[in-house]
Structure formats: C-alpha cells, structure tokens
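The structure under discussion appears below in the form of structure tokens.
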C-alpha cells in the first residue's frame, strides 16, 4: 500500500513540475514577443506622408476633426484633402487605409501611428496623395484624444 501512495505522490510531483515548465515556456514566449514588438517600431519617414481623409461613416465633420488631429501633431503626416467616400455611401463600419502608391515603409508607419490595421492596395501613380484613410464607424478608437 505504501508503494501506491509514493506512486501517487510522485505523479503529483511530476504534474507540478510539468505545470511549472509550461508556465516558464509561456512567460518566455510572452517576453520574447514583447521584446520583438519593440524592435519592429517603424521610424518617422524623412518625407511627409501625404494622406487624403475620407468620411466613410456619415458622421458630420469626422474628416475635418481627424485632419485637426494630424495638423496638431508632429508625426510628419500632411493631409492634402478631406471629403466623403465617392457617392456619399457611408457604409464603412471599420476604418481602412488605402495604399495609392507602393511604399510599404510609409504604410507600416501610418498603420503604427493610427492603429488602423486594415489596408487595401489600390495603386494609382497619377494621384498626389500616397494614402487614403477611410474613416469608419470605429474612427474614435483611433483618433480620440
């Protein structure tokens, strides 16, 4: 009978050790990811990021308010124009960045600056602006001061 208690006791010890090892591995992964995210921080571009702001949610003055946010910041973003999405179809629940020129570095910077992860590629080299930001119903999540 004593052997089975020792056997049970050793199983409990093995489970405790296993749980401790799993916790150490999970904590190590979390710490590694945190350190890695700090390394991927994108630097401010040398030339201004040219952006057109489009109201895609229909709330009056949204694009103007976000323009003021960029104008009052030192983030090297120039808002070249504001307006509504074409056809005044306010159907955007989520904000999105539309890349109009092929510049991944500036796109990553704009995503990091605003927090908007959604992006669409619709290149048009004939446009002056490099990006359109379509402001959806969630715009406050990104531009609330």
Original post:
Looking at 83, 56, which one is surrounded by fewer than 19 Cβ atoms within 10 Å (Cβ to Cβ), in contact with a strand residue (DSSP E or B) (Cβ under 7 Å, 6 or more places away or on another chain) and under 19 Å from residue 120 (Cβ atoms)?
Top reply: 83
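For every residue, the table says whether it meets (1) at pLDDT 95 or above; (2) surrounded by 15 or more Cβ atoms within 10 Å (Cβ to Cβ); (3) at negative phi.
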position: 71; (1), (2), (3): no, no, yes
position: 77; (1), (2), (3): no, yes, yes
position: 96; (1), (2), (3): yes, yes, yes
position: 125; (1), (2), (3): no, no, yes
position: 136; (1), (2), (3): no, yes, yes
Original post:
Is at least one residue of segment 121-128 within 19 Å of the chain's Cα centre (by Cα) and outside any loop (DSSP other than H, G, I, E, B)?
Top reply: yes
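Conditions (1) in contact (Cβ under 8 Å) with a residue 24 or more places away in the chain; (2) part of a helix (DSSP H, G or I), marked per residue:
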{"position": "29", "(1), (2)": "no, yes"}
{"position": "52", "(1), (2)": "yes, no"}
{"position": "67", "(1), (2)": "no, yes"}
{"position": "80", "(1), (2)": "yes, no"}
{"position": "110", "(1), (2)": "yes, yes"}
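Please pick out the residue among 145, 130, 105 that is under 15 Å from residue 48 (Cα atoms) and at pLDDT below 95.
Going through 145, 130, 105 in turn, the sole match is 105.
The values are calculated or read from the model by the stated rules, or taken from the named source; none is laboratory data. It should be emphasised that the depicted structure is a prediction, and the values quoted were computed from it without experimental measurement. Using ideal geometry, Cβ is built from the backbone for each residue, glycine included, and neighbour counts are taken over all protein chains shown.
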